[in-house]
Amino acid sequence: MTHYDLIVQNVRVVSHDAPEPVPADIGIAEGKIVAVAAGLDTADAAEVVGGVGKLAFPGVVDAHQHWGIYNPLDVDTEVESRAAAQGGVTTGLNYMRTGQYYLNKGGPYAEVFPEVLGLSEGNAFIDYAFHLAPMSKEHIDEIPMLVERHGVTSFKIFMFYGSHGLHGRSSDQSKFLMTPEGERYDIAHFEFVMRGIQKAREQFPDKAEAISLSLHCETAEIMAAYTKLVEEDGTLTGLEAYSASRPPHSEGLAISIASYLAHETGLPKINLLHLSSAKAVAAALLMAKTFPHIDFRREVTIGHLVADIHTASGIGGKVNPPLRPREDVEALWEHLLAGELDWVVSDHACCRDEQKFGADRDDVFLAKSGFGGAEYLLPALVSEGRKRGLGWDRIAALTAWNPAQRYGLPSKGAIKEGLDADLCLLDDDRPWTIRATDSLSAQEYTPFEGFELSAAVTDTFVRGMRVLTDGVVTGEPRGRYLHRPTGS
C-alpha cells in the first residue's frame, strides 16, 4: 500500500497536454506528486483534502515579479509572496539588478547577490528564483560564476535605460544605474551582454538549454522625444498621456534591434518581455520569421490583457511599457488565442501609495512605475480567457508549463507523477469583484479596482504544503530558493 502524506480528493486536473480537465485524486508524498488517478485509497493517507469538484491547476510559475524593488527585500519577500499564493502562484521568478531601487547599491554580483539571497531566505511562502541584469562590464565577466555557483540561468537587459530612469527621463545614467565611471549602458553594452551569455552557454553545454536572455524592449531616444512632445502639447493626461509618451513603435524598433543583435552574437535563447501592443507583437513575429534559428519566446502580462488606458483605475496603472488603448488589448488577445504568445505573467511590483504618487496625484509623469497583481493572474486569465474561448490546456501552458520549461524548472509546471506537488484549487464558478482591500499585498490600491471576475483560487499547495486554505494564507514561509536548472 502506498503511503501518502496528502491526498487532494475529487478534483478536475488541468494539464497543458489534455484539452479537458480530468476527474482524479492527487496523491502526494515527500513533496512530490506520486499518483494522479481516480479513487485513490485514503486509508494510508496522513491528510485528505476534499477538492469538491474544483479545478486543480498546476501551481502558477509567475516568471516576472519584482520583490524588493520599492520595499525592503526581506519584507517584500514575505508580504508579496503571500499575495502570490493568494493567486495560485507557487513559484515566483524575480528580476533583480544593481543601481537605484532594489538594494540601492552598485558593485559586483559576487558581493551583491549573496546579500539578495540572505535577505530573501526564510521569508517566502512560495518557491523563488532570480533573473539578474548585467549592468556593467564586470557583471558580464561574472555570468559563468552566477550560473555555476548560484544557479542563475536567466538574465535581463532594460533597453530604455539609455536616457530614462525607472519612472521617466534621467540626465545622469551612471548615477541612476550606479555603474563605473566611463561605462555606458547602451546598445554596445547589450551586444557584449549577449556575447557573454552565449559564451556561458558554450562553457556549460549541459545547462545551455536553460540559459536565456530576457529584454525589456523600448527605445530610449523615441521615448525621450515623445515624452517631450506630449508634455509640451498638454492635451493628453493620465494613462493616455503616458502611453503616447512611450509609443508602440518604440517597442517595435527595440525588438528589431535586440533580435538583430541576437543574430549577430549567435545567442539563440531570447525572451521578449511584457509585449504591450499590436506593433510590438507584429515586430516580434517578423523577427521570428527573419531569424528562424533564434528561439524567441514572447511574454504578455495579465495587466495588459485585462486593463486599458480608460478602464484602469487611475494613474496607479502607470507601468513600463504602458497600458495601451483598447485596440491593443484586443490585438494581444488575438495573438494569445492564435498561440503566438508563450506565457502570461503578473510583473508584480508592489509600489505603496506613499511611493507611487507624486506631489500632484493627477500627474502621471510624477508617479512611479509598476504595480502588484500576482494575486489576480490565474483568476483573471481564466475569467477573461474562457469567455474568449481560451482552452484549459492553454491556460495551464501559459501560466505554468511553458515558463517552467524555459527557465530551467523541469520539476515544476504540471500535475504529473514525479514532479513537485505544486498546485492550486480554483472555483471556476465563483463571481467576485476585485478590491484592493481584499489583497494580501502591502499595496493599498490596484488598477483593477472594481473589475468583475468569475473564478477564484481557494487553496494553494507548494511542494505538498498547504499555504493557502479557503483563501487564507496558513503556516510559515517555507519557500525555497531554486538553483537552476533544478535537478542538475
Dividing the convex hull volume of the alpha carbon atoms of the stretch 79-131 by its residue count, what do you get in Å³ per residue? 77
Using distinct alpha-carbon pairs, which all enter the 1/r mean, Kirkwood radius of the stretch 245-311 in Å: 12.4
Model label zone, LYS289; criterion: amide N under 20 Å from point 7 Å along Cα-to-beta-carbon; scope the stretch 319-338: 331-338
Using the Cα atoms as the points, what is the convex hull volume per residue of the stretch 111-259 in Å³? 146
Calculate, axis by axis, the spread of Cα positions in the stretch 346-488 along the three principal axes, and write the results as whole Å, longest axis first. 54, 35, 30
Subtracting the Cα-Cα distance from 0.36 nm times the residue separation, let me have the gained length for ASP233 to ASP141 in nm, one decimal. 28.6 nm
Kirkwood hydrodynamic radius of the stretch 22-95, from inverse mean 1/r over distinct Cα pairs, in Å: 14.8
Students often get this wrong, so check it: of LYS32/LYS368; LYS199/LYS368; LYS199/LYS289; LYS175/LYS207; LYS228/LYS356; LYS279/LYS412, which have C-alpha atoms separated by over 30 Å? LYS32/LYS368; LYS199/LYS368; LYS175/LYS207; LYS279/LYS412
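At a temperature of 10 °C and a viscosity of 1.306 mPa s, determine how fast the stretch 368-416 diffuses translationally according to Stokes-Einstein, using the Kirkwood radius over alpha-carbon pairs as Rh; express D in µm²/s, rounded to the nearest whole number. All intermediate terms of the calculation are to be shown ahead of the outcome.
Values: Rh = 12.1 Å.
Value of D from the Cα-based Kirkwood radius: 131 µm²/s.
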Computed over all unlike Cα pairs, the Kirkwood hydrodynamic radius of the stretch 220-347 in Å stands at 15.1
Compute for the stretch 1-151: radius of gyration divided by Kirkwood radius, i.e. Rg/Rh, restricted to C-alpha atoms, rounded to two decimals. 1.11
Tilt relative to the chain, helix 73-86 - C-alpha long axis, 0 to 90 degrees, to 10: 50
So between VAL52 and LYS387, what do we pick up on full extension, going 0.36 nm a residue minus the alpha carbon distance? 118.2 nm
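Could you work out what % of the accessible surface of the chain is carbon and sulfur, using a 1.4 angstrom probe and leaving DNA, RNA and ligands out of the count? Could you put the intermediate results ahead of the total?
Values: 8710 of 17280 Å².
Of the solvent-accessible surface of the chain, carbon and sulfur hold 50 percent.
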Just to be sure I understand, if you calculate volume of the Cα convex hull per residue in Å³ for this structure, which of [x] 141; [y] 173; [z] 128 do you get? [z]
Send over a whole-number figure in Å² for the accessible area per residue of the stretch 110-260, probe 1.4 Å. 39
Helix 248-265 sits at what angle to the longest principal axis of the chain, using alpha carbons and giving 0 to 90 degrees rounded to 10? 80
Quick one: what are the phi-derived ³J(HN,Hα) couplings along the stretch 131-136, Karplus 6.51/-1.76/1.60 with θ = phi - 60°, whole Hz, x for glycine and proline? 8, 10, 9, x, 8, 9
proj_area_mean for the stretch 324-410 (convex hull on C-alpha atoms), units nm², value 7.3
In whole Hz and in residue order, list the ³J(HN,Hα) couplings for the stretch 102-114 that follow from phi through the Karplus curve 6.51 cos²θ - 1.76 cosθ + 1.60, θ = phi - 60°; x for Gly and Pro. 6, 7, 6, 8, x, x, x, 5, 4, 9, 6, 5, x
What spacing in nm lies between the two simple spin-label points modelled at ASP470 and GLU202, each 7 Å away from Cα in the Cβ direction? 6.0
From the phi angles alone, apply the Karplus equation (6.51, -1.76, 1.60; θ = phi - 60°) to the stretch 378-393 and give each ³J(HN,Hα) in whole Hz, x where the residue is Gly or Pro. 5, x, 6, 5, 5, 4, 7, x, 5, 4, 9, x, 6, x, 4, 5
Quick check: residue separation of ASP44 and TYR260 times 0.36 nm, minus the Cα distance between them. What number comes out in nm? 72.0 nm
Specify the angular offset, from 0 to 90 degrees and rounded to the nearest 10, of the alpha carbon long axis of helix 220-233 from the longest principal axis of the alpha carbons in the chain. 80
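The values are calculated or read from the model by the stated rules, or taken from the named source; none is laboratory data. The model shown is predicted, which means the values in this text are computed figures rather than measured ones. Because the Cβ atoms are built from the backbone with ideal geometry, glycine has one as well, and the counts that use them run over all protein chains shown. In case anyone asks, the SASA skips ligands and DNA or RNA and just uses the protein heavy atoms, side chains included. Shrake-Rupley method; radii C 1.70, N 1.55, O 1.52, S 1.80 Å.
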